[in-house]
1. Would you kindly find the accessible area of Lys44, with a 1.4 Å probe and non-protein molecules such as ligands, DNA and RNA excluded, rounding to the nearest 10 Å²?
2. In terms of the Cα gyration tensor, with a ≥ b ≥ c the square roots of its eigenvalues, is region 15-87 rounded because a/c is under 1.5, prolate because a/b exceeds b/c, or oblate?
3. Taking K and R as +1 and D and E as -1, what net charge do the other residues with C-beta under 12 Å from the C-beta of His42 add up to?
4. What are the ³J(HN,Hα) values, in whole Hz, obtained from phi via the Karplus relation 6.51 cos²θ - 1.76 cosθ + 1.60 with θ = phi - 60°, for each residue of region 24-32 in sequence order, with x given for Gly and Pro?
5. May I ask you to evaluate 6.51 cos²θ - 1.76 cosθ + 1.60, the Karplus curve with θ = phi - 60°, for each residue of region 71-88 and list the ³J(HN,Hα) values in order in whole Hz, giving x for glycine and proline?
6. Between Glu14 and Ala38, what is the label-to-label distance in nm when each label sits 7 Å out along the Cα-to-Cβ direction?
7. Ranked from the most accessible area to the least, with a 1.4 Å probe and all protein chains present, what is the order of Asp36, Asp28, Asp19?
8. Under 16 Å from the Cα of Lys35, which lysines turn up, not counting those fewer than eight places away in the same chain?
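The values are calculated or read from the model by the stated rules, or taken from the named source; none is laboratory data. Please read all numbers here as calculations on a predicted model, not as lab measurements. In this analysis, Cβ positions are derived from the backbone assuming ideal geometry, glycine residues included, and neighbour counts consider all displayed protein chains. Remember, those area values only see protein heavy atoms, side chains included, never the ligands or the DNA or RNA. Shrake-Rupley method; radii C 1.70, N 1.55, O 1.52, S 1.80 Å.
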Amino acid sequence: MTIRVYTEDNLTPETWIQDAACAQIGGDAWFPEPKDEATANHAKRICKTACPVREQCLEYALRTRQRDGVWGGYTAKSLQAIRRRSAA
Ligand code: SF4
């Protein structure tokens, strides 16, 4: 199993990742190719329906300004838009 989430210094795993649905399932769905909406939607659906740590994941992605992948049921691009709106 690959643990993909780390703190800003990229050395220490966040503790909530142990319960993450993506960590249990594995695979590359959470980092789809840029125009692969079907895979991104599949990942987002799992985030929103099967992950007990979605809130922590979303907070982490916003805090660490993730630029790629799917986090907490949103693409990183969507999260960037959320950050821009909340900063305005
Ligand atoms: S919300 Fe999605 S990306 Fe975040 S930990 Fe859960 S399954 Fe993984």
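1. Approximately 50 Å² for this residue.
2. Oblate, since a/c reaches 1.5 and b/c is not below a/b.
3. On the way: positive: Lys44, Arg45, Lys48; negative: Asp28, Asp36, Glu37.
Summing Lys and Arg as +1 and Asp and Glu as -1 gives 0.
4. 3J(HN,Hα) across region 24-32, in whole Hz: 6, 7, x, x, 9, 4, 7, 9, x.
5. Once θ is set to phi - 60°, the couplings for region 71-88 become 9, x, x, 10, 6, 4, 5, 5, 5, 4, 5, 4, 4, 4, 5, 6, 7, 6 Hz.
6. With each label point 7 Å from Cα toward Cβ, the separation is 3.0 nm.
7. Result of the area sort, largest leading: Asp28, Asp19, Asp36.
8. Once the sequence-local lysines are set aside, what remains near Lys35 is Lys44, Lys77.
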